[in-house]
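What follows is calculated from the coordinates using simple rules that are stated; it is not laboratory data. Everything numeric in this text was worked out from a predicted model, so none of it was measured. Note that we place each Cβ from the backbone using ideal geometry, even for glycine, and neighbour counts take in every protein chain shown.
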Amino acid sequence: MGDFEKQLKDRAKELKKLFKKGMKVVGATCKKGWHKVRNLRG
């Protein structure tokens, strides 16, 4: 069980790193999209 739990923790760390990178990318694209929407409305 110890090895399996360690693998899970390592996997979780990797997923968190990927998730943070993904959120930065998504956040950047969302901001660009919001600016376009605001400009269209304004």
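Fewest to most neighbouring Cβ within 10 Å: what's the order for LEU40, LEU18?
Fewest-to-most ranking of LEU40, LEU18: LEU40, LEU18.
Please name which of THR29, ASN39, GLY2 has its Cα lying farthest along the dipole of the chain towards the positive end, using unit charges on Cβ (Lys, Arg +1; Asp, Glu -1) and the Cα centre as origin.
Positive-end residue among those listed: ASN39.
Can you tell me the dipole magnitude for the chain around its Cα centre, using point charges on the Cβ only (Lys, Arg +1; Asp, Glu -1), in Debye to the nearest 20?
460 debye
Show me the three semi-axes of the equivalent ellipsoid for the chain, from the C-alpha gyration tensor (sqrt of 5 times each eigenvalue), largest first, rounded to whole Å.
40, 6, 4
Tell me the net charge near LYS32. Cut-off is 15 Å between Cβ atoms, LYS32 excluded, with +1 for each Lys or Arg and -1 for each Asp or Glu.
Summing Lys and Arg as +1 and Asp and Glu as -1 gives +4.
If each of VAL37 and VAL25 carries a label point 7 Å out from its Cα toward its Cβ, how far apart are those two points in nm?
2.1 nm
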